[in-house]
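The values are calculated or read from the model by the stated rules, or taken from the named source; none is laboratory data. Because the structure is a prediction, the values reported are computed rather than measured. In this analysis, Cβ positions are derived from the backbone assuming ideal geometry, glycine residues included, and neighbour counts consider all displayed protein chains. Heads up: the accessible areas ignore ligands, DNA and RNA and are worked out on the full protein's heavy atoms, side chains in. Shrake-Rupley method; radii C 1.70, N 1.55, O 1.52, S 1.80 Å.
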Amino acid sequence: MSAPRVVVLHGVNLDQLGVRDPAVYGSQTLSDLEAAISGFARDLGIRSVVFEQTNFEGEYVELLHKTRDTADALILNPGAWTHYSWAIRDALEIAGHPAVEVHLSDVQAREEWRRHSVISELCIGTISGKGADGYREALELLLHHEAPAAG
Ligand code: DQA
């Protein structure tokens, strides 16, 4: 995909980065993280990257709906919603964009309930446990992704 418009959707509690368990999530704030992602996007020649964060599930669903007009590709870290929100899963399907799921922490190495994701099956890739670098990998995956031929 050449020069996609990417929307990065941060979910519940991601606004607490920097305060929240630094041993698991690191000491970067959400603004630090977004600045790092913008830098990766610039290096990779991505046309635009827009960030959203909300602690309200319905708002996250509506943000996903809006991406139908504003984005070509998505990066999602829905936080704890990842593990149970069928509403977000359905909204991602409606959005219809190639998407990569990212988690800062290694969800497979933590509690049992974090090991299941309701969105993975709709994503072209899932990256976890790599901190901010996971978002660089996600951007690279989207850049190299070719849309399936129509028909
Ligand atoms: C997270 C992992 C989730 O299990 C957790 O609920 C989060 C953050 C991560 O980025 O590692 O809020 O998505």
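Table for the structure above
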quantity	calculated
Residue 141, sole failed condition from (1) aliphatic (A, V, I, L, M); (2) over 11 Å from the mean Cα position of the chain (by Cα); (3) open to solvent by less than 50 Å² (accessible area, probe 1.4 Å)	(3)
Cross-chain or 6+ apart pairs with Cβ under 7 Å, region 128-139 first and closer than 12 Å to residue 26 by Cα, then acidic (Asp, Glu) and at pLDDT 95 or above	129/106; 130/137
Residue within region 84-93 that is crowded, with 19+ Cβ neighbours inside 10 Å and more than 16 Å from the ligand (Cβ to nearest atom) present	yes
Candidate set from region 21-43 (those that are within 17 Å of the chain's Cα centre (by Cα) and of a type in the set (Ser, Thr, Tyr)); member that is farthest from residue 5 (Cα to Cα)	25
Region 1-28, residues that are of a type outside the set (Gly, Ala, Ser) and more than 14 Å from the ligand (Cβ to nearest atom)	1, 4, 5, 6, 7
Total residues in region 62-80, condition surrounded by fewer than 21 Cβ atoms within 10 Å (Cβ to Cβ), within 16 Å of the ligand (Cβ to nearest atom) and at negative phi	1
